[in-house]
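S.K.: What follows is a single structure, and I will ask about it in a moment.
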Amino acid sequence: GQQLNQSPQSMFIQEGEDVSMNCTSSSIFNTWLWYKQDPGEGPVLLIALYKAGELTSNGRLTAQFGITRKDSFLNISASIPSDVGIYFCAGDWPSGSRLTFGEGTQLTVNP
Amino acid sequence: DAEITQSPRHKITETGRQVTLACHQTWNHNNMFWYRQDLGHGLRLIHYSYGVHDTNKGEVSDGYSVSRSNTEDLPLTLESAASSQTSVYFCASSEGDTQYFGPGTRLTVL
């Protein structure tokens with residue numbers, strides 16, 4: 001099946017620092033999605049990307065759909081303690097509405 | 001407000017027992033999905049459905065079954081629970097690419 005490689009697996013940063021994480025795939029995706037999961041909760045959608053090259057922001061979050069359609073990155077600027085959680089990338093299968101998920105990036109923000 | 005709910009939120013059962021996890025959504029979405037989440041594996045697709053009476057196997061479907069008798073519900077059944085099925089289970093629904101997740105069910109099989 002299709003696989004996504006998400007990196008880094010974990011990050012430990014100080015409050016106020018910027019964060020960057022990315023996902024790569026050997027397959028082309030039509031859509032890239034970024035989710036955040038808080039402890040004990042289900043993943044919540046942060047940003048959806050639908051076009052190669054697309055750059056989209058949501059507050060302090062910025063994500064880009066790679067021009068090759070095989071990668072995407074997520075940046076968080078000026079991190080705050082509530083940014084703590086697991087961030088997942090996901091790409092849609094070319095047919096149907098199934099998603100393939102990366103293994104997640106565990107983010108820890110030290111005050 | 002429309003939402004997606006799962007029950008129970010926590011379940012402890014014994015090896016060999018049949019277990020059913022409920023998922024209910026009020027968005028009227030045609031697509032529904034079941035995932036399991038384990039450390040080091042992210043979210044893995046168990047089963048999915050594109051509409052009433054439609055069910056399909058995902059990448060880790062062995063030992064699980066689903067049925068879709070209406071738009072709102074997709075119950076997940078473990079026919080004979082095994083310790084390897086101890087996990088956190090998430091249900092999701094979508095209309096298109098964007099999936100919305102329930103709060104999860106933590107299942108422990110002893």
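None of the figures in this text is laboratory data; all of them are computed from the coordinates on show. The model shown is predicted, which means the values in this text are computed figures rather than measured ones. Cβ placement follows ideal geometry from the backbone for every residue including glycine, while neighbour counts extend to all protein chains displayed.
S.K.: From the phi of every residue in segment A:58-66, what ³J(HN,Hα) in whole Hz does the Karplus formula 6.51 cos²θ - 1.76 cosθ + 1.60 yield, where θ is phi - 60° and glycine or proline is x?
M.R.: Once rounded to whole Hz, the list reads 9, x, 7, 9, 9, 10, 10, 8, x.
S.K.: Work out the mean other chain Cβ neighbour count within 10 Å for the residues of B:81-90 and drop it here as an integer. It would help to have the intermediate numbers written out before the result.
M.R.: Values: counts 0, 0, 0, 0, 0, 0, 0, 2, 0, 4.
The mean count of partner-chain Cβ atoms within 10 Å per residue comes to 1.
S.K.: Dipole size in debye (nearest 20) for chain A around its Cα centre, Lys and Arg Cβ +1, Asp and Glu Cβ -1? Before the final figure, lay out the partial values.
M.R.: On the way: 6 positive and 10 negative charges, 85 e Å.
Charge dipole of chain A: 400 debye, to the nearest 20.
S.K.: Still on this structure: Indicate, rounded to the nearest 5 percent, the antiparallel portion of the DSSP beta bridges found entirely in chain B.
M.R.: Working: 34 of 38 bridges.
Given both bridge residues lie in chain B, the antiparallel proportion sits at roughly 90 percent.
S.K.: Can you put B:THR55, A:THR100 in order of Cβ neighbours within 10 angstrom, beginning with the fewest?
M.R.: B:THR55, A:THR100
S.K.: With Rg and the Kirkwood Rh both taken from Cα atoms, where does Rg over Rh land for segment B:31-110?
M.R.: Numbers: Rg = 12.2 Å, Rh = 12.9 Å.
Rounded to two decimals, Rg/Rh equals 0.95.
S.K.: Taking a cut-off of 14 Å between Cα atoms, list the aspartates and glutamates near A:LYS36, but don't count ones fewer than 8 places away on the same chain.
M.R.: Cross-link targets: A:ASP83, A:GLU103.
S.K.: Based on the Cβ-Cβ distance from B:ASN28 to A:ASN75, what FRET efficiency comes out when R0 is 25 Å, to the nearest 0.05? Show your work: numbers first, answer last.
M.R.: Working: r = 35 Å, r/R0 = 1.40.
Step by step, r from the Cβ atoms, then E = 0.10.
S.K.: Per-residue HN-Hα couplings for segment B:31-42, Karplus 6.51 cos²θ - 1.76 cosθ + 1.60 at θ = phi - 60°, whole Hz, x for Gly and Pro?
M.R.: Calculated HN-Hα couplings, in order: 8, 9, 9, 10, 10, 10, 10, 10, 4, x, 10, x Hz.
S.K.: Please arrange B:CYS91, B:CYS23 by counting, for each residue, the other beta carbons lying within 10 Å of its beta carbon, fewest first. Mind dumping the intermediate values first?
M.R.: Numbers: B:CYS91 29, B:CYS23 24.
By the 10 Å Cβ count, ascending, the order reads B:CYS23, B:CYS91.
S.K.: What distance in nm separates the two pseudo spin-label positions at B:ARG17 and B:SER80, each 7 Å out from Cα along the beta-carbon direction?
M.R.: According to this spin-label approximation, the distance is 1.7 nm.
S.K.: Just the projected area, averaged over all directions, of the convex hull on the alpha carbon atoms of chain A: how many nm²? Walk me through the numbers on the way to the answer.
M.R.: Details: hull surface 26.1 nm².
Its average projected convex-hull area is 6.5 nm².
S.K.: Ratio to report: Rg/Rh of segment A:1-63, with Cα atoms as the point set and Rh obtained by the Kirkwood method; give two decimals. All intermediate terms of the calculation are to be shown ahead of the outcome.
M.R.: Numbers: Rg = 13.2 Å, Rh = 13.7 Å.
Dividing the radius of gyration by the Kirkwood radius yields 0.96.
S.K.: Between A:PRO39, A:ILE67, A:GLN14, whose Cα lies farthest towards the positive end of the dipole of chain A when Lys and Arg beta carbons carry +1 and Asp and Glu beta carbons carry -1, centred on the Cα centre?
M.R.: Final value for the positive-end residue is A:ILE67.
S.K.: Oh, and also: Plugging the Kirkwood radius over Cα pairs into Stokes-Einstein for the protein assembly as shown, at a temperature of 37 °C and a viscosity of 0.692 mPa s, what D comes out in µm²/s? It would help to have the intermediate numbers written out before the result.
M.R.: Working: Rh = 17.9 Å.
After rounding, the answer is 183 µm²/s.
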